[in-house]
1. With a 1.4 Å probe and all protein chains left in place, how much of the accessible area of segment 73-159 comes from carbon and sulfur atoms, in whole percent?
2. Check each of the trypsin sites (Lys or Arg not before Pro) in segment 107-212 and keep only those in coil by DSSP with at most 12 other C-beta atoms within 10 angstrom; list them in order.
3. Using Rg and Dmax of the Cα atoms in Å as the read-out, say which of (1) 19.1, 58; (2) 20.1, 65; (3) 22.1, 70 was calculated from these coordinates.
4. On C-alpha positions alone, give me the angle between the axis of helix 7-19 and the longest principal axis of the chain, in degrees, nearest 10.
5. Quick check for you: with a 1.4 Å probe and neighbouring chains kept, what is the accessible area per residue of the chain, in Å²?
6. On a 0 to 90° scale, report how tilted helix 35-46 is relative to the longest principal axis of the chain, with both axes built from alpha carbons and the result rounded to the nearest 10.
7. Dividing the alpha-carbon Rg of segment 209-283 by 2.2 N^0.38 Å yields what?
8. Springs between alpha-carbon pairs under 10 angstrom, Gaussian network model over the chain: which of T105, T17, T206 fluctuates most?
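The values are calculated or read from the model by the stated rules, or taken from the named source; none is laboratory data. These numbers come from a predicted model, not from an experiment. Ideal geometry is used to build each Cβ from the backbone, glycine not excepted, and the neighbour counts take in all protein chains shown. What goes into the accessible areas is simple: the full protein's heavy atoms, side chains included, and nothing from ligands, DNA or RNA. Shrake-Rupley method; radii C 1.70, N 1.55, O 1.52, S 1.80 Å.
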Amino acid sequence: MQLIETVAEVRAFGARTREAGKPLALVPTMGALHDGHLSLIRAAAAEGADVVVSIFVNPAQFNDPADLAKYPRTLERDLELAASAGAAAVFSPSVAEVYPGGFATSIRVGGVSERWEGASRGASHFDGVALVVTKLLCMVGPDVAWFGQKDAQQVAVIRRVAADLNLPARIATGATVRADSGLALSSRNVRLRDEQNRTALALSATLRAAKAAVEAGERDVARLVSGATAALEEAGARVEYWAVVNPESFEPLETVVPGEPALAIIAARAGEVRLIDNAPLTD
């Protein structure tokens, strides 16, 4: 597996892949790789692609400098994990390589970016996500880029950007990978202590309970939200939002209609660790 640190090198890698008649896949990450990331690498490799894993902690999507400073950086371990999952290369550029001196361009996505994570983390969060993903797609030039369903609103924003800007890469998603306990895997989970971990388990428990309620005939979103919020608070979580939305537009729903898309989404804190999760409520 090759470690690449410059745009020129990653473009040369892509050119060699195409000369060999193989597709090129990108798995964008901020490092601290876990089984969720590795599942995306394996899925991309299973399609016969040469897989480039980008590792870049993007300062443009953090509105809290302390959160940026605390984000785990484990490059040596990440290189080993990426190679074991089938990556052909890791692209780990510096901040200066991605945002050179004089950089003055921004991308703003309306609508789908404005609620939930956009409201909780500030408008600059999804502006930064849209910008760095667009840059990565332009730098690497993949045929397909893989993202995890755990970050469902991020995926919806990226799909909007790709459609609006006519970006040629296919946007693919992999299912949320969970621990046996049901906790969605996240790089932030390493910061959970025992009591906080027990609180964190309540997130996925409310999703399962909501799904069961819908299967039993519940249709009223307000009742689903009320029950889930109460359960989270009882478990010690500080709830930012628990909502049911259209998974494409992220507009809130008032009623769950069987056969129509409905996605339950959560953001809550277990201690000081902010966690998100989501799950479809209809088949």
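1. On the way: 1840 of 3490 Å².
Carbon and sulfur: 53 percent of the exposed surface of segment 73-159.
2. Details: sites: R108, R115, R121, K135, K150, R159, R160, R170, R178, R188, R191, R193, R198, R208, K211; in loops: R108, R115, R193.
Answer by residue number: R108, R193.
3. Checked against the structure: label (1).
4. For helix 7-19, the angle is close to 80 degrees.
5. Numbers: 12830 Å² over 283 residues.
Computed with neighbouring chains in place, this is 45 Å² per residue.
6. For helix 35-46, the angle is close to 50 degrees.
7. Working: Rg = 12.2 Å, N = 75, 2.2 N^0.38 = 11.3 Å.
For segment 209-283, the normalised Cα radius of gyration is 1.07.
8. Of T105, T17, T206, the Gaussian network model singles out T105 as fluctuating most.
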